[in-house]
1. Since B:L159 meets every condition but one in (1) loosely packed, with under 15 Cβ neighbours inside 10 Å; (2) assigned to a helix (DSSP H, G or I), which condition does it not meet?
2. Would you check which residues across region C:156-172 are at the interface with another protein chain (Cβ under 7 Å from one of its Cβ atoms) and at pLDDT 90 or above and list them?
3. Answer yes or no as to whether C:F57 is in contact (Cβ under 8 Å) with a residue 40 or more places away in the chain, farther than 17 Å from C:I123 by Cβ and of a type in the set (F, W, Y).
4. Out of region B:1-21, which residues are within 11 Å of DNA strand E (Cβ to nearest atom) and surrounded by 12 or more Cβ atoms within 10 Å (Cβ to Cβ)?
5. Can you confirm whether C:E24 is more than 14 Å from chain D (Cβ to nearest Cβ) and away from DNA strand F (no atom under 14 Å from the Cβ)?
6. Within region D:60-79, work out how many residues are surrounded by fewer than 18 Cβ atoms within 10 Å (Cβ to Cβ) and either within 16 Å of DNA strand F (Cβ to nearest atom) or β-branched (V, I, T) (or both).
7. Do we have C:Y27 as surrounded by 13 or more Cβ atoms within 10 Å (Cβ to Cβ), free of Cβ contacts under 8 Å to residues at least 60 places away in the same chain and at negative phi here?
8. Take the conditions among the polar types (S, T, N, Q), at pLDDT 90 or above and farther than 23 Å from A:Q113 by Cβ and apply them to A:T81. Does it pass?
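The values are calculated or read from the model by the stated rules, or taken from the named source; none is laboratory data. Keep in mind the model is a prediction, meaning the values are calculated, not measured. Cβ atoms come from the backbone with ideal geometry, glycine included; neighbour counts cover every protein chain shown.
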4 protein chains.
Amino acid sequence: MPKIVDHDLYRKELLGRCFDMFAEKGYAAITMREIAQGLGVSTGTLYHYFSSKETLFEQLVEEWTQQDLLKAEAELESAQTLAERMEAAFRFIATNEDYFLKQTLLLIDFHQQQEHTASHNEILKQVCDRARDRVADLLGLKDPKLVVFVLSLIDGLILGRLYNEEVASFEEQGALLGKMLTVYLEQST
Amino acid sequence: MPKIVDHDLYRKELLGRCFDMFAEKGYAAITMREIAQGLGVSTGTLYHYFSSKETLFEQLVEEWTQQDLLKAEAELESAQTLAERMEAAFRFIATNEDYFLKQTLLLIDFHQQQEHTASHNEILKQVCDRARDRVADLLGLKDPKLVVFVLSLIDGLILGRLYNEEVASFEEQGALLGKMLTVYLEQST
Amino acid sequence: MPKIVDHDLYRKELLGRCFDMFAEKGYAAITMREIAQGLGVSTGTLYHYFSSKETLFEQLVEEWTQQDLLKAEAELESAQTLAERMEAAFRFIATNEDYFLKQTLLLIDFHQQQEHTASHNEILKQVCDRARDRVADLLGLKDPKLVVFVLSLIDGLILGRLYNEEVASFEEQGALLGKMLTVYLEQST
Amino acid sequence: MPKIVDHDLYRKELLGRCFDMFAEKGYAAITMREIAQGLGVSTGTLYHYFSSKETLFEQLVEEWTQQDLLKAEAELESAQTLAERMEAAFRFIATNEDYFLKQTLLLIDFHQQQEHTASHNEILKQVCDRARDRVADLLGLKDPKLVVFVLSLIDGLILGRLYNEEVASFEEQGALLGKMLTVYLEQST
DNA sequence: AATGAATGAGAATTCATTCAT
DNA sequence: AATGAATGAATTCTCATTCAT
């Protein structure tokens with residue numbers, strides 16, 4: 001089935017070249033024509049590979065999530081203690097600060113369009129849930145409450161970058177969280 | 001068609017009736033015509049009071065921020081210890097969970113439109129900064145790092161409501177934060 | 001009848017302060033609200049004195065034509081020969097180059113709006129015809145053909161200022177016309 | 001809805017059918033929707049070929065200028081002396097009197113819109129300058145002052161058609177100019 | 001597989017004029 | 001005499017999607 005391989009390969013290649021364009025203009029603002037032009041294909045061709053703007057974006061998210069988890073695993077591999085894992089995780093985020101803010105905004109932007117148009121997007125929800133589980137594993141957090149705590153803090157910090165570019169560094173906040181968690185867990189045992 | 005005597009009073013009344021409409025459809029999605037119809041006025045009249053959609057939204061944010069701060073002050077008045085203040089704050093947020101999620105989404109939505117159109121919105125930034133300071137006062141947090149920590153967690157939790165409607169309760173997370181902060185502060189002295 | 005006097009006086013004062021505003025934005029582009037604001041009155045008041053934008057403009061033209069003819073007469077008073085009159089006339093125009101271009105554009109702009117809206121504007125036509133006759137008198141041109149010739153040249157030169165700001169000076173062209181006319185008239189007698 | 005094969009060819013065809021519509025209502029007054037309807041296409045299609053009303057008009061001017069210069073050349077081909085060239089030129093203009101008035105008004109109308117909106121239109125200026133040079137060549141006028149003189153007269157006469165429909169004939173004025181120029185040039189040598 | 005012409009409803013915003021006060 | 005709130009049709013331009021080639 002050589003044709004199938006080609007088709008799928010080309011589709012992934014197109015996806016790989018999409019992120020920056022989405023990030024620059026936002027999900028709602030970018031037009032399919034712009035995407036097509038940026039990719040060097042016609043709108044017709046774009047629609048040949050992705051049946052709609054929505055589908056295109058869903059596949060993009062699936063793709064980037066896979067990649068990010070692989071990278072995160074590599075970064076956390078050598079960390080042993082909880083504090084070390086926290087530190088590594090926050091360092092990873094800090095290093096790709098811009099990238100993660102773009103992702104977050106893109107996801108929210110996408111969500112806004114859907115919210116009033118159709119039912120909540122099931123595909124994206126699944127992708128996010130699976131990612132959440134793997135992150136909890138990576139960090140070695142058992143208590144679901146603590147997982148929510150840590151991930152919410154991260155989300156909030158990323159979002160904070162929207163306006164307060166100077167206020168808080170990820171590393172600093174990561175260290176703070178590490179200390180607090182350590183003290184808290186020691187005490188509660 | 002009686003002539004409304006007090007321009008400013010009527011402007012505020014219109015503002016007061018805008019929030020739900022914005023919240024329901026989002027900043028980008030709602031049209032000025034829809035807003036006008038919802039308010040029972042013509043588009044011309046709407047533009048008589050607000051020179052653009054952007055201005056209208058800015059004034060709306062200013063208005064709701066005032067109101068929210070007043071309410072928050074009332075809620076935290078009787079709280080004494082840090083843990084109590086945390087608890088009261090998170091209870092306040094939990095009670096108005098939906099409302100705060102709407103606000104957050106609206107602000108992000110608005111931000112997305114501007115991001116690629118013009119320079120960052122100065123007016124909104126000022127409103128948010130002022131609010132942030134008063135919240136820090138209310139919570140009695142001195143260390144800027146801790147302020148960022150707490151507010152980021154709150155933002156993250158609110159945003160978490162977008163997908164994970166069941167996962168975490170604000171009260172629970174507020175209690176957790178209260179404990180962690182108390183232990184942490186005791187230990188660091 | 002003190003009221004009448006006041007009314008008419010005030011009307012003329014308003015007129016006198018209108019020209020620059022019209023000139024700056026053009027007849028079509030300027031709004032009645034802008035005119036009102038520029039004059040420091042309400043739109044209602046403006047409509048109290050001028051029943052429509054069209055009427056306002058017609059009266060403005062009538063006013064400025066009166067003034068210009070008086071000034072022109074003063075300038076040409078001392079000129080004796082044809083060449084002298086030509087020279088004086090072109091010097092007068094050159095001195096008020098900007099002003100006359102503004103007038104011309106304003107008249108054309110006004111004309112364009114009307115052209116397809118209603119029948120040709122009778123009032124303006126009369127004003128222009130009367131002015132034309134007085135100018136012919138002033139210049140001392142008897143042959144209607146020559147009057148058309150000279151006035152067309154002037155109009156064309158003024159219009160030329162639209163794009164070719166540097167190309168031709170009025171004085172130069174006036175001198176040229178003076179010479180040509182003199183030679184021509186001498187020869188044809 | 002067959003697919004038009006040659007984009008550029010179809011674009012020119014659309015242009016060719018635009019002039020009368022612009023002429024009838026004026027640049028400002030005609031709407032893109034009207035133009036689209038008049039051409040039998042959707043507004044979307046119109047914008048597919050011309051990215052804005054401004055662009056559309058610029059291309060229209062470019063087109064008509066090309067055509068007019070070709071026609072003018074054909075008309076003046078056989079003329080030998082200066083007086084003959086003048087006569088031929090004015091006859092050409094007289095024959096297409098209405099057409100040239102429409103052009104002039106259109107250009108002025110267009111100019112008015114731009115004047116207060118943006119910087120002066122470079123494209124139109126270039127088109128006009130090039131045309132001016134070729135006309136000077138055609139008429140065989142060397143002295144720049146005389147070129148300005150003749151072209152201004154023509155512009156003024158065309159503009160005169162706005163109000164004074166009866167007053168002056170182009171042929172008559174052309175003959176007059178021919179005589180004056182001949183006498184003047186003879187004398188000045 | 002690939003193209004790009006075609007669609008048309010819908011967006012934000014404007015403005016001369018009216019009229020209750 | 002003076003005000004300014006109210007109107008609403010009309011403007012330019014956009015864009016996801018389709019489909020003949």
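1. Of the numbered conditions (1) loosely packed, with under 15 Cβ neighbours inside 10 Å; (2) assigned to a helix (DSSP H, G or I), the odd one out for B:L159 is (1).
2. Of all residues in region C:156-172, those at the interface with another protein chain (Cβ under 7 Å from one of its Cβ atoms) come to C:156-157, C:159-160, C:162-163, C:167-168, C:172.
The answer is C:G156, C:L157.
3. no
4. B:I4
5. Values: more than 14 Å from chain D (Cβ to nearest Cβ): no; away from DNA strand F (no atom under 14 Å from the Cβ): yes.
No; evaluated as a whole, the condition is false for this residue.
6. Within region D:60-79, residues that are surrounded by fewer than 18 Cβ atoms within 10 Å (Cβ to Cβ) and either within 16 Å of DNA strand F (Cβ to nearest atom) or β-branched (V, I, T) (or both) number 1.
7. Numbers: surrounded by 13 or more Cβ atoms within 10 Å (Cβ to Cβ): yes; free of Cβ contacts under 8 Å to residues at least 60 places away in the same chain: no; at negative phi: yes.
Spelling it out, it is not the case that C:Y27 is surrounded by 13 or more Cβ atoms within 10 Å (Cβ to Cβ), free of Cβ contacts under 8 Å to residues at least 60 places away in the same chain and at negative phi.
8. It is false that A:T81 is among the polar types (S, T, N, Q), at pLDDT 90 or above and farther than 23 Å from A:Q113 by Cβ.
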